[in-house]
1. I need every pair where a residue in the stretch B:274-301 that is under 14 Å from B:Ala257 (Cα atoms) has its Cβ under 6 Å from the Cβ of a residue that is in a helix (DSSP H, G or I) and of a type outside the set (Ser, Thr, Tyr), sequence separation at least 6 or different chains.
2. Exactly one of these conditions fails for B:Val191: (1) crowded, with 21+ Cβ neighbours inside 10 Å; (2) more than 21 Å from B:Pro83 (Cα to Cα); (3) β-branched (Val, Ile, Thr). Give me its number.
3. Among the candidates B:Ile169, B:Ile141, B:Ile177, single out the residue that is of a type in the set (Val, Ile, Thr), out of contact with any strand residue (DSSP E or B) (no Cβ under 8 Å at 6 or more places or on another chain) and farther than 25 Å from A:Ile256 by Cα.
4. With the stretch B:1-99 as the region, which strands (runs of 3 or more DSSP E) entirely inside it contain at least 1 residues that are touching a Ser or Thr at 6+ places or on another chain (Cβ under 6 Å) and small (Gly, Ala, Ser)?
5. Would you kindly identify the helices (runs of 4 or more DSSP H) lying entirely within the stretch A:209-323 that contain at least 1 residues that are among the aliphatic types (A, V, I, L, M), over 19 Å from the mean Cα position of the chain (by Cα) and crowded, with 24+ Cβ neighbours inside 10 Å?
6. Determine which member of the set B:Asp261, B:Asp248 is over 14 Å from the mean Cα position of the chain (by Cα) and part of a helix (DSSP H, G or I).
7. Cβ-Cβ distance below 6 Å, separation of 6 or more or different chains: which pairs start in the stretch A:263-285 with a residue that is more than 10 Å from every other protein chain (Cβ to nearest Cβ) and end on one that is surrounded by 24 or more Cβ atoms within 10 Å (Cβ to Cβ) and charged (D, E, K, R)?
8. Since B:Asn57 meets every condition but one in (1) within 14 Å of chain A (Cβ to nearest Cβ); (2) surrounded by fewer than 16 Cβ atoms within 10 Å (Cβ to Cβ); (3) over 22 Å from B:Tyr232 (Cβ atoms), which condition does it not meet?
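The values are calculated or read from the model by the stated rules, or taken from the named source; none is laboratory data. A quick note: this is a predicted structure, and the numbers were derived from the prediction, not measured. Here Cβ is always computed from backbone atoms with ideal geometry, including for glycine, and neighbour counts include all displayed protein chains.
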Amino acid sequence: MNTAETIITRATPGAGRTVIGVSRFGDRAFEWLTLLMAFSIFVLIALIGFELFRGATPAIRKFGWHFLVSGTWNPVDGVFSALPFIFGTLVTSAIALLLAVPLSIATAIFLTELAPLWLRQPLIIFIELLAAIPSVILGFWGSYVMVPWLHIHIYPLLRSTLGFLPFFQGQDSGPCILSAGVILAIMVIPIITSVSREILRSVPGLQREAAYALGATRWEVTRIAVLSYAKRGLFGAVILGLGRALGETMAVTMLIGNVPYIGLSVFKPGQTLASVIANEFTEAITRLHTSALFEVGLVLLGVTLVVNALARLLLITFAGPSVKPQN
Amino acid sequence: MSRLTAVLSAVVFGIFLVSCSKNQPVSVTGAGSSFDNPVFTKWFEVYAAVDTNAQFNYQSIGSGAGQKQLLNQTLDFGASDAPMTDDAMAGAPGKILHLPVVAGGVAIIYNLPGGPKLKLDGETLAGIYLGQITKWNDPKITALNPGVSLPGLAIIPIHRSDGSGTTFIFTDYLSVINKQWADSVKKGTAVNWPNVGIGAKGSEGVADEVRQLSGSIGYAELAYANQNKIPYADMKNAAGQFVSPAPDSVSAALATATIPDDFRFSMVNAPGPNAYPISGPSWILIYQNQGGDRGKHLVGFLKWAITDGQKISPTLDYAPLPAELQQRELKLLDTVTY
């Protein structure tokens, strides 16, 4: 009798695989091997967190809570605080989201509701290509092409029209918080667009039909039936994009100006958690400096994990456990 | 399938035998300052003909990283533009020797429309980097440059955002010249820069930013400025002369510097009419106790580099060591134990 026929597997999301019948030793070994592989990823993340914590211990012991609030980063005197970098990370990510979210969601709506069929696939391919560009190349392009253009044409315009706001005051030198925010926006657009597209696609057609039946216009259908239904999922997509923006290193390092700064003007240079590690880690000579950088890494790891977990949770509660990019 | 496996195993075994039978050259590794990378590359190339049994590898990962790796004993030698502090050496598993091998100048590069040749002095430079002098047509700058028309452009001071020996030499100079700098910013490979201008990663980053931003000023190794053809300033030295950075003027600074027996010294703002004030030596760091064969090859190389290798340094914009210093270093190398 064929062994395969005697094995009945019941697969349900979340439940284990129940095998009824005869299973060969090879299958059992395969099961254990794959379980080991899956578990090892867990272990890897835990190890990374543990090593970061171990490296950060001298700084944690010396500075305690002051590390997160005091605001001075002075390698010569041995006083360290991650506050300027937390500020820089949050502000650049906020700018990136402000610029990217309307654009991405509008693109997602266009791709699912409005685009003619012949246009859909090419557009999707281009957006995925944008995601494939290496961070360093984008940083390079940003540094040589985008930032000089912004510095000469856009920033003076912003300063003259919106200069009454404290955000747009002061002279910029090209590389600044706003420049880093713009390049981050370019980097998170593909993620937010593709996940939003999946979310919008998974809205049941019945919703749209019901809205049409009630006499809604095209835009009202999109607004009432699709967007408000998909709110939670879209929020999850945005948070996924935020997760990417928080950890982005090379492009930001090249465009942000690398000065620990806290203030309101986006024309000033800044520094993020990731870029300070990229700049100073290989050269940090004293144990305290190295340890402070480890602690910066720990803060970054913690923030990134929390944000990504939150995004995943939102996506699962919206669309069920099987939301994955499909083409 | 089994025949293929047999053939493959035979081939691998054969390669293994062949590689074992040849006399493998001894591999000596070092890492550190990016400042000396060009001259090390040239030295290794030439020295390969002198000592055919050794192969030298060097990675330019930065002075601080070089010191760190030497303390961790993952390298045979480190290279640094900043001397190791007593604290750092206290944590080392053995005595570390500092051997100056080259000296170089830090050029003050700038970007002004028309590319005029500027003269600057230490006080003005400190004022610029402290944020006190904000425009190019400030009276302090125009006083030093009569006859040059300077625009009312804002000055953008650019510094290194990563730790660097070049920063060490630069901040050392400013600490010596300006009391406010010495009290507030001090010197180091990475310092708490005053809140003006921007930071760039690596000398190439600084050079790029200076080239792109009109009105910017920065500092970089002389070799970088020359290779990228960026204009640099003549600096006023302690004798009151305006001197251009070049191997000659750096050698003049080296000749007048006082050098203690452990060879850790600073040569910024050196006396001497032709000395370039922003210069510094670059050291190779080794343990005094070298275990075994690799140590002999390393010391052999160092003895060659300190004497014959010095003829190569000026061709790459570095200053050669004076003869008396060479003799003192050779005497120190004789104290190495194996």
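1. Once the first residue is under 14 Å from B:Ala257 (Cα atoms) and sits in the stretch B:274-301, its partners that are in a helix (DSSP H, G or I) and of a type outside the set (Ser, Thr, Tyr) give B:Asn274/B:Ala252; B:Ala275/B:Ala252; B:Ala275/B:Ala253; B:Tyr276/B:Val250; B:Tyr276/B:Ala253; B:Ser279/B:Val250; B:Ser279/B:Ala253; B:Gly280/B:Ile169.
2. With respect to (1) crowded, with 21+ Cβ neighbours inside 10 Å; (2) more than 21 Å from B:Pro83 (Cα to Cα); (3) β-branched (Val, Ile, Thr), B:Val191 is out only on (2).
3. Checking each option against the conditions leaves just B:Ile177.
4. The strands (runs of 3 or more DSSP E) meeting that bar are B:26-32, B:77-80.
5. Working: elements: A:231-247, A:250-255, A:273-280, A:287-319.
Of the helices (runs of 4 or more DSSP H) lying wholly inside the stretch A:209-323, those with at least 1 residues that are among the aliphatic types (A, V, I, L, M), over 19 Å from the mean Cα position of the chain (by Cα) and crowded, with 24+ Cβ neighbours inside 10 Å span A:287-319.
6. B:Asp248
7. A:Phe267/A:Asp172
8. Status for B:Asn57: all satisfied but (1).
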